[in-house]
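The values are calculated or read from the model by the stated rules, or taken from the named source; none is laboratory data. Please read these numbers as outputs of a predicted model, since none were measured by experiment. A quick note on method: Cβ atoms are made from the backbone with ideal geometry, for glycine too, and the neighbour counts reach across all protein chains shown.
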Amino acid sequence: MSMNRRAFLKTTGAGLMAAAFPLSLVKLAFGGEGSIPDFTFGYISDAHIQQIKGTRFVRNWDMGLIRAVREANLLTPRPDFFMFGGDLAQLGKKEELDHGLEIMSNLRGKVRYVMGEHDYYLDLGKYWQEKLGPPYYSFDHKGVHFVVLNSILTYDKWTYETWPTPMDRMLAMARLDNPKGSPFMVGDEQIAWLKKDLAKINGNTPVVVFSHSPIQKIFKPWNFWTQDAEKVQALLKPFEKATVIYGHVHQIQYNQIDNITFQAVMATAWPWPYPETYSQLANAFPKITVPMNRADPFFERDATGWQFVDVKSGRSAMHYQLPDNQNRTVMFDAATGKPQDVKYQDDSMRIPPQTHF
Ligand SMILES: [Fe+2]
Ligand SMILES: [Fe+2]
């Protein structure tokens, strides 16, 4: 089915059309398998809205989010819903969350939120929850079971006993390369909840998990890492189609571990570089099983943007909308059993730096 779709894209040039008109969803003539209809949702993540002083905020981060919201509002037909993937704020301040939510309020459609560590470690998620509700929950949509996890928790001792002030704790978790940080985890309470939640779901129902940190272990020094990832993966094992979509890494990233497809979303704020584990060193863990098509980490707006997701027969095709590069699609290939880039980029695909705003 997927091969047919790819062949169809090639022969009809629909892929080119999609690239030329990124704001309209090109609906292909493929219905869902059985009772699972196809649908689309939008995904915006890692805005890192940062207060300078009073009503002054870092303009670049504001503009990244504003642009994503504006472009998402132009999508037609409308996506069924939107997700925000966490790190709405930079240092968890009320002012930052309020300002970020004000920008997000312009987004037309239902929006659900994932908690990021930047939203959490100042007041331990108090204000975020006041505005947005519980940090983990599940919902069903058109035959797909969706789960939102709060994956950025860590050891109680680190959280409650290590830091003289809440801001010290926040700053310790806010950097990429910080030896004073602590590995992220979902925690036993949520894992027990997830076990119960998934017990009701039939094994051939597609399951999509949204988390902020990757539910796989990529690179511990940068906290591209969830300490108890295997416990969550084990609960997803019985499902024929399981996908984990995560933010936090600020880059296009995809992987397949057993039956679980992993897809990262981009940030609207800035791209992170690639961890050294991608070099496939013998001691790197895990081995990335799918060769990845990389954006340029030395190009400051490459790999920033937002994305929409086509759920086709319960599999997610991720459409990355990059301001400074050609749009990219990563979709599950049934023939290889892995997510793959539809079109690899080379230098000719680069859009020269330009003024966006
Ligand atoms: Fe982030
Ligand atoms: Fe994060």
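Just so you know, in the stretch 44-70 the residues that are in a helix (DSSP H, G or I) and of a type in the set (Lys, Arg) include one that is surrounded by the most Cβ atoms within 10 Å (Cβ to Cβ), and it is Arg67.
Which residue, of Met173, Met167, Met104, Met115, is in contact with a strand residue (DSSP E or B) (Cβ under 7 Å, 6 or more places away or on another chain) and touching a residue at least 24 places away in the same chain (Cβ under 8 Å)? Full working, then the answer.
Details: Met173 fails: in contact with a strand residue (DSSP E or B) (Cβ under 7 Å, 6 or more places away or on another chain); Met167 fails: in contact with a strand residue (DSSP E or B) (Cβ under 7 Å, 6 or more places away or on another chain); Met115 fails: in contact with a strand residue (DSSP E or B) (Cβ under 7 Å, 6 or more places away or on another chain).
Answer to the selection: Met104.
Here Ala172 clears all of (1) within 17 Å of Gly247 (Cα to Cα); (2) within 14 Å of ligand 2 (Cβ to nearest atom); (3) outside any loop (DSSP other than H, G, I, E, B); (4) not polar (S, T, N, Q) except the condition numbered (1). Residues that are away from ligand 2 (no atom under 16 Å from the Cβ) and either in a loop (DSSP other than H, G, I, E, B) or hydrophobic (A, V, I, L, M, F, W, C) (or both): does the stretch 117-128 have at least one? Within the stretch 117-128 (the criterion being away from ligand 2 (no atom under 16 Å from the Cβ) and either in a loop (DSSP other than H, G, I, E, B) or hydrophobic (A, V, I, L, M, F, W, C) (or both)), the answer is yes, since at least one residue qualifies.
Going by the structure shown, is Glu96 surrounded by 18 or more Cβ atoms within 10 Å (Cβ to Cβ), over 30 Å from Ala317 (Cα atoms) and either at pLDDT 95 or above or touching a Lys or Arg at 6+ places or on another chain (Cβ under 8 Å) (or both)?
Values: surrounded by 18 or more Cβ atoms within 10 Å (Cβ to Cβ): yes; over 30 Å from Ala317 (Cα atoms): yes; either at pLDDT 95 or above or touching a Lys or Arg at 6+ places or on another chain (Cβ under 8 Å) (or both): yes.
Yes: the conditions hold for Glu96.
Candidates are the residues of the stretch 112-133 that are away from ligand 1 (no atom under 13 Å from the Cβ) and hydrophobic (A, V, I, L, M, F, W, C); the one that is surrounded by the fewest Cβ atoms within 10 Å (Cβ to Cβ) is Leu124. Screening the stretch 77-111 for residues that are within 16 Å of ligand 1 (Cβ to nearest atom), assigned to a loop (DSSP other than H, G, I, E, B) and closer than 30 Å to Gly143 by Cα and picking the one that is nearest to the chain's Cα centre (by Cα) gives Gly85.
Of all residues in the stretch 202-239, those being without any contact (Cβ under 8 Å) to a residue 60 or more places away in the chain and under 16 Å from Asp258 (Cβ atoms) number 12.
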